[in-house]
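Novice: First the structure, then my questions, so here it is.
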Amino acid sequence: MKITIIGTGYVGLVTGACLAELGNNVFCLDVDQRKIDMLNSGGIPIHEPGLADIVARNHAAGRLKFSTDVAASVAHGDIQFIAVGTPPDEDGSADLQYVLSAARNIGKHMTEFKVIVDKSTVPVGTADKVRAAIQSELAPRGSNTKFSVVSNPEFLKEGAAVEDFMRPDRIVIGCDKTLEGQQAHGLMKTLYAPFNRNHERTFWMDVRSAEFTKYAANAMLATRISFMNEMANLADKVGVDIEAVRHGIGSDPRIGYSFLYAGCGYGGSCFPKDVQALARTARDHDQELLILRAVEAVNNHQKHVLGKKIIAQFGENLTGRHFAIWGLAFKPNTDDMREASSRVLLRELIGRGASVAVYDPVAMPEARRVLALDFAESNEALSRIRFSDTSIGALQDADALAIVTEWKTFRSPDFDQVKSRLKTPIIFDGRNLFEPQIMADAGFEYHGIGRSVLTRA
């Protein structure tokens, strides 16, 4: 099939590359010439395991094209995926300017039936706005070209997006019941047929329900994380091991183990903005989502927990203190620094006079860019952040180590080396990578999240 993907960001590039891998002829459009030049020269703008190989293979085979030519992109695809960004607006709502701009471009150049798919995460009612935007371009030129707007939200985890796309646990598609909607239903069913050979994974529903499903899913996952973090904070106060609790409650099939890990807060491009956007949608309809308000408040608080533990250990004034940080990306297997907990910790430590050495296996280039913006008001503050080439190198003469991202490479370090490099053998583990008793036996003072239960001597 001929497919157009509008936007070569995280969702768009993964969607386009994976659909090309299945044999479709995919045209990827982006207004950023720099990004298109990078893709055409063999690079990719994001870090995602397995994606570079799929892009290179399908680009070389001619099934995957990258361009800034809007007219050509509209002419190419029978199905037009809108996969552009929907950043949070000042009031927390999703900013739809890029979605609606893409819709208007489709309407401006469309001459035959198209299925327009909202792949971006958008609030309920966006399909109506997309439909109106397209119609606003068709009407002035007297065109009665038919089209259908479909909702097909993505459920991709950064760091496992290719696997999630190629082996989905569900495919959600919202179509209307018009004749055009029935035509769209047929095209979407054909497109996703390869994913349904073993068993049916597609959930068909109305457009608004599909739009809502994405937000509800992310809100539920964020709620589980914040719930567990709140339990972990209480566990620290009452001498409970939150890991034991996680195993105890996760064994209940009604609860399960997923997204029950205590830590130093969630980040990334999805959970923070989607929780805010859903809460904003509720307020627009005179309803307060009290649980989501609490979820957001807990997460904002949780990002300060590591800093508070360090301050409790070393005092309010950290001038002259030096710390090592392992992990900068908001989660492993990505270089995404959006809403990353490391940024909050760095502002806390640097703001109190400390210097810091940081290391991340993948996110160092992006971290340099983002942290330069975070500390743009003070070159002196930025100068107190040293970017280390290795995890061990970051430890040299540090008063303590803080772990913020649970990269696998951090799980089994040479603890003798760690101890020899640190000035004091203290670890603040924001992702509970290690067992407190093992760390105590190895001679470390260990501070996890919800794991302050007394260890045996």
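Computed from the coordinates by the stated procedures, all read-outs in this text should not be read as laboratory data. Every value quoted in this text rests on a predicted model; they were computed, and no experiment measured them. Neighbour counts are summed over all protein chains in view; Cβ atoms, including those assigned to glycine, are modelled from backbone coordinates with ideal geometry.
Novice: Given a cut-off of 26 Å, name the pairs among K114/K214; K65/K108; K273/K331; K129/K331 whose C-alpha atoms lie farther apart than that in the structure shown.
Specialist: K129/K331
Novice: Just want the ordering: M110, M1, from fewest to most Cβ atoms lying within 10 Å of their own Cβ.
Specialist: Least crowded to most crowded, the residues run M1, M110.
Novice: May I ask which residue of V162, C264, S226 lies farthest towards the positive end of the charge dipole of the stretch 154-288, with charges of +1 (Lys, Arg) and -1 (Asp, Glu) on Cβ and the Cα centre as origin?
Specialist: V162
Novice: Taking every pair of alpha-carbon atoms in the stretch 222-447, what share in percent sits in each 10 Å bin, from 0 to the bin with the longest distance?
Specialist: 8, 32, 36, 19, 5, 1
Novice: What FRET efficiency do you get for S258 and H199 if R0 is 25 Å and r is their Cβ-Cβ distance, rounded to the nearest 0.05?
Specialist: Calculated transfer efficiency: 0.75.
Novice: Under the rule a/c < 1.5 gives rounded, and otherwise a/b versus b/c splits prolate from oblate, where does the stretch 311-427 land using the Cα gyration tensor?
Specialist: Oblate, since a/c reaches 1.5 and b/c is not below a/b.
Novice: Taking only the alpha-carbon positions of the stretch 2-205 and ignoring solvent, what does the Debye formula give for the base-10 log of I(q)/I(0) at q = 0.11 Å⁻¹?
Specialist: Debye intensities relative to I(0), on a log10 scale: -0.48.
Novice: At 24 angstrom or more along the helix axis (alpha-carbon based) and mean Kyte-Doolittle of -1.0 or higher, what helices does the chain contain? Whole DSSP H runs only.
Specialist: Membrane-span-like by this criterion, though nothing is claimed about a membrane: 207-238.
Novice: Note down the nm distance, to one decimal, between modelled labels 7 Å out along Cα→Cβ at H247 and at R368.
Specialist: For H247 paired with R368, the spin-label model returns 4.3 nm.
Novice: If each residue's Cβ is checked for other Cβ atoms within 10 Å, how do W407, W326 rank with the fewest at the top?
Specialist: With the fewest neighbours first, W407, W326 line up as W407, W326.
Novice: Using the count of nearby Cβ atoms within 10 Å as a rough guide to exposure, how do K114, K108, K189 rank from fewest to most?
Specialist: K189, K108, K114
Novice: Hey, how much of the P(r) for the stretch 242-322 falls beyond 17 Å, as a percent of Cα pairs?
Specialist: Percentage above 17 Å: 65.
Novice: Add -39500 (n - 2.57) for each DSSP H run of 4 or more in the chain, then divide by its residues: what number comes out at 222 nm, to the nearest 500 deg cm²/dmol?
Specialist: After summing the helix terms and dividing by the residues of the chain, the value is -13500 deg cm²/dmol.
Novice: Ok, one more. Cβ under 15 Å from L401's Cβ, L401 left aside: what net charge do those residues give with Lys, Arg +1 and Asp, Glu -1?
Specialist: Charge balance near L401 sits at 0.
Novice: Evaluate 2.2 N^0.38 Å with N set to the residue count of the stretch 145-204, then give the Cα radius of gyration divided by it.
Specialist: Rounded to two decimals, the normalised Rg is 1.22.
Novice: Moving on to the next point. Three principal axis extents, largest first, for the C-alpha atoms of the stretch 367-436, in Å?
Specialist: Largest first, the stretch 367-436 extends 39, 23, 20 Å along its Cα principal axes.
Novice: What Rg and what Dmax come out for the chain when only alpha-carbon atoms are used, in angstroms?
Specialist: When restricted to the Cα atoms of the chain, Rg and Dmax are 24.1, 82 Å.
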